[in-house]
Amino acid sequence: MHVHESAEDYLEAILMLREKKGQVRSIDIANELNFSKPSVSIAMKKLRESGLIEMDAGSLITLTPAGMEIAARIYERHRILTDLLIRLGVSPETARADACRIEHDLSDETWQRIKAHAAAHSAAL
């Protein structure tokens, strides 16, 4: 399933917040991404309609299996790219920001080569 970059960012944020806090609400996402609550509410509605998240009666947000697959893919790219850029000498702040931009636009072929390279070089350290 192809989703827009903004949807990938929301799904990644939900995964990261769940790992950090254990549960996620729209306000947590708004605070994490520095977006307005109404913007996040609209996005959550679209993600819910796309079958990527579920919301319970208490407004807790969970990723569906399809949403988790996308979130995990983007989050893995983000972590590996950030680490790689830092090892190249980029400041952590810039590395995180650049990884966020790069993670969405890589072809699968390029991503697999970067991932293999990062794994080979982290094993050598």
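Here are some notes:
- Residue satisfying all of: in segment 63-75; touching a residue at least 12 places away in the same chain (Cβ under 8 Å) and of a type outside the set (A, V, I, L, M); surrounded by the fewest Cβ atoms within 10 Å (Cβ to Cβ) among these: Thr64
- In the condition set (1) open to solvent by 50 Å² or more (accessible area, probe 1.4 Å); (2) more than 11 Å from the chain's Cα centre (by Cα), Ala43 is compliant with all but (1).
- Of the residues contained in segment 109-117, none is found to be in contact (Cβ under 8 Å) with a residue 40 or more places away in the chain and either within 16 Å of Glu8 (Cβ to Cβ) or out of contact with any strand residue (DSSP E or B) (no Cβ under 8 Å at 6 or more places or on another chain) (or both).
- When Arg77 is tested against (1) basic (Lys, Arg); (2) farther than 26 Å from His121 by Cβ; (3) touching a Lys or Arg at 6+ places or on another chain (Cβ under 9 Å), exactly one condition is not met: (2).
- Inside segment 22-40, residues that are surrounded by 15 or more Cβ atoms within 10 Å (Cβ to Cβ) and either among the aliphatic types (A, V, I, L, M) or farther than 18 Å from Glu8 by Cβ (or both) make up a count of 6.
- Once segment 93-104 is narrowed to residues that are touching a helix residue (DSSP H, G or I) at 6+ places or on another chain (Cβ under 6 Å) and open to solvent by 50 Å² or more (accessible area, probe 1.4 Å), the residue that is farthest from Glu8 (Cα to Cα) is Arg96.
The values are calculated or read from the model by the stated rules, or taken from the named source; none is laboratory data. Since this is a predicted model, take the numbers as computed values, not measurements. Counting neighbours? That spans all protein chains shown, and the Cβs are built from the backbone with ideal geometry, glycine included. Heavy atoms of the whole protein, side chains included, go into the accessibility calculation; ligands, DNA and RNA do not. Shrake-Rupley method; radii C 1.70, N 1.55, O 1.52, S 1.80 Å.
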